[in-house]
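**Student:** Quick one: structure below, then a few questions.
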């Protein structure tokens, strides 16, 4: 593999793998369950335009984003797909809901009144999904107050409730609390769901992400799942319905060796001299740093792959360069590829491992790969 021209640091993104992942996930979903592709934060750093275009082509039913600006980007790519804005819609952003045909998340009575008044003045009807806070403590109407909001919204002529949802606080690690949240959500919304059962278009009910999908079943009202990292190849928890779905990583993250040199024992490495060489060593200076998304917190902890060998990071990661030990790797030269996330020979570094190097999580690691990192797309097998 050769680096792209003039690329000091780059991410290879395989859209054919993304499509395979989507098809496998859809095949693993219970019949009738909608695939809601979560593509916030520039599709978790993969690039919203090429990712959404491919997902539209291969079967996503709906999209979910963080804000109206992201929703507008998707709408300009294609029409016909529902787009849910997951975060609160700020005052003044209502016009964008109408212009780009976006679905707002509704969490408070104030929002309901504001949206209804705007829609009335615009001579329109705004679709919303009502979010129930069952223990996340973030957006959503607190479950004990939900009944009043659910009853009141039914009287607003210019709002159309298209869905109900909640968000689990710790699905991968706390199955007991997750089940409490799930049952609380279903109990809280039972009357509202019953009142809407006669509608031509059924309510979209979603409680789970792909990491925690357990709510669907023959007698469950849940009919959609929000799919985020799984479509990009990050496996869900073992308890998830989708745990047996074999997805593949879509992204690899690479840089190059800028120079190599030998340094004597006792030399301090990088800012602050947080690492002192214990023996004469050969080091390589890589052309990527925290300005590209290599975490400062991975200093003296992480390793990269060069010629299929693990090479430990020495000293602090700097803004534009990272120093690694290549003493035991033969024939390392400037221009050679260093793999940060991905496979080199028989060795590999998964996204999860890469995140753990800096005590982080895959979500943050992907979103931290900066704009100056060139994205290189593979469109076909």
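**Student:** Distance from a point 7 Å along Cα→Cβ of residue 348 to each backbone N in region 16-51: keep the residues under 15 Å and list them by number.
**Tutor:** In region 16-51, the label zone of residue 348 (backbone N under 15 Å from the point 7 Å along Cα→Cβ) covers 17-18, 21.
**Student:** Build a GNM of the chain with springs between Cα atoms under 10 Å: which of 342, 59, 293 gets the top mean-square fluctuation?
**Tutor:** Of 342, 59, 293, the Gaussian network model singles out 59 as fluctuating most.
**Student:** Another question about this same structure. Once you have a ≥ b ≥ c as the square roots of the Cα gyration tensor eigenvalues for region 15-232, tell me rounded if a/c is under 1.5, and otherwise prolate or oblate according to whether a/b is larger than b/c. Let's see the in-between values first.
**Tutor:** Working: a/c = 1.66, a/b = 1.12, b/c = 1.48.
Taking the square roots of the gyration eigenvalues as a ≥ b ≥ c, region 15-232 is oblate.
**Student:** Order by neighbour count: 165, 196, fewest other Cβ atoms within 10 Å first, most last. Before the final figure, lay out each step's value.
**Tutor:** Values: 165 25, 196 16.
Fewest-to-most ranking of 165, 196: 196, 165.
**Student:** As a footprinting exposure proxy, order 367, 311 by other Cβ within 10 Å, with the fewest listed first.
**Tutor:** Ranked by crowding around the Cβ, least crowded first: 367, 311.
**Student:** Take the chain, connect every pair of alpha-carbon atoms lying under 10 Å apart with a spring to form a Gaussian network, then pick out the residue of 333, 301, 278 with the largest mean-square fluctuation.
**Tutor:** Of the options given, 278 has the highest mean-square fluctuation.
**Student:** Show that you can apply the helix-only estimate: for the chain, add -39,500 (n - 2.57) for every DSSP H stretch of four or more residues, divide by all residues, and state [θ] at 222 nm to the nearest 500.
**Tutor:** For the chain, the value works out to -7500 deg cm²/dmol.
**Student:** Starting from the 7 Å offset along Cα-to-Cβ, what nm value, one decimal, do you get for the label separation of residue 113 and residue 170?
**Tutor:** The modelled label-to-label distance comes out at 3.7 nm.
**Student:** Relative contact order for region 251-378: what is it in percent, counting Cα pairs under 8 Å that are at least 6 residues apart?
**Tutor:** Answer for region 251-378 is 28 percent.
**Student:** So for region 66-183, averaging the separation of alpha carbon pairs under 8 Å that are six or more residues apart and normalising by length, what relative contact order in percent results?
**Tutor:** About 21 percent, as a whole number.
**Student:** Zone of residue 328 (label point 7 Å along Cα→Cβ, backbone N under 16 Å): which residues in region 277-305?
**Tutor:** 278-284, 301-305
**Student:** Measure off 7 Å from each Cα along the Cα-to-Cβ vector at residue 7 and residue 187, then give the distance between these two points in nanometres to one decimal.
**Tutor:** The answer from the label model is 5.2 nm.
**Student:** Taking a ≥ b ≥ c as the square roots of the Cα gyration tensor eigenvalues, with a/c under 1.5 meaning rounded and otherwise prolate when a/b beats b/c, else oblate, which class fits the chain?
**Tutor:** Prolate is the answer for the chain, as a/c is 1.5 or above and a/b outweighs b/c.
**Student:** What percent does the relative contact order of the chain come to when contacts are Cα pairs within less than 8 Å and at least six residues apart?
**Tutor:** With pairs under 8 Å counted, the relative contact order is 18 percent.
**Student:** Roughly how tilted is helix 68-77, in degrees to the nearest 10 and between 0 and 90, from the longest Cα axis of the chain?
**Tutor:** Between helix and principal axis, roughly 90 degrees.
**Student:** Separate question: For the chain, with a Gaussian network of springs between Cα atoms less than 10 Å apart, report the residue from 40, 328, 246 with the top mean-square fluctuation.
**Tutor:** 328
**Student:** Let me ask something else. What's the FRET efficiency of residue 154 with residue 361 using the Cβ-Cβ distance as r and R₀ = 51 Å, to the nearest 0.05?
**Tutor:** Efficiency, from the Cβ-Cβ distance: 0.85.
**Student:** Let me ask something additional. Once label points are set 7 Å from the Cα along Cα→Cβ at both residue 179 and residue 87, what is their separation, rounded to one decimal in nm?
**Tutor:** 3.5 nm
**Student:** Now a separate question. How far is helix 109-122 tilted, in degrees, relative to the longest principal axis of the Cα atoms in the chain, given as a value from 0 to 90 rounded to the nearest 10?
**Tutor:** The helix 109-122 is inclined about 70 degrees to the chain.
**Student:** Mind giving me the FRET efficiency for residue 27 and residue 121? R0 is 45 Å, r the Cβ-Cβ distance, nearest 0.05 is fine.
**Tutor:** Given R0 = 45 Å and the Cβ-Cβ separation, E is 0.50.
**Student:** Classify region 251-378: rounded, prolate or oblate, from the alpha-carbon gyration tensor (a ≥ b ≥ c, eigenvalue square roots; a/c under 1.5 rounded; otherwise prolate if a/b is larger than b/c)? Present the calculation step by step, with values, prior to reporting the outcome.
**Tutor:** Working: a/c = 1.73, a/b = 1.38, b/c = 1.26.
It is prolate, given that a/c is not under 1.5 and a/b is the larger ratio.
**Student:** If each residue of separation counts as 0.36 nm, what is the full-extension length gain between residue 139 and residue 49 once their alpha-carbon separation is subtracted? Walk me through the numbers on the way to the answer.
**Tutor:** Details: separation 90, 0.36 × 90 = 32.40 nm, distance 2.70 nm.
Full extension from residue 139 to residue 49 adds 29.7 nm.
Every read-out reported here was derived from the displayed coordinates using simple, explicitly stated rules and does not represent laboratory data. Small disclaimer: the values here were computed from a predicted structure and weren't measured. Glycine gets a Cβ as well: all are built from the backbone with ideal geometry, and neighbour counts include every protein chain shown.
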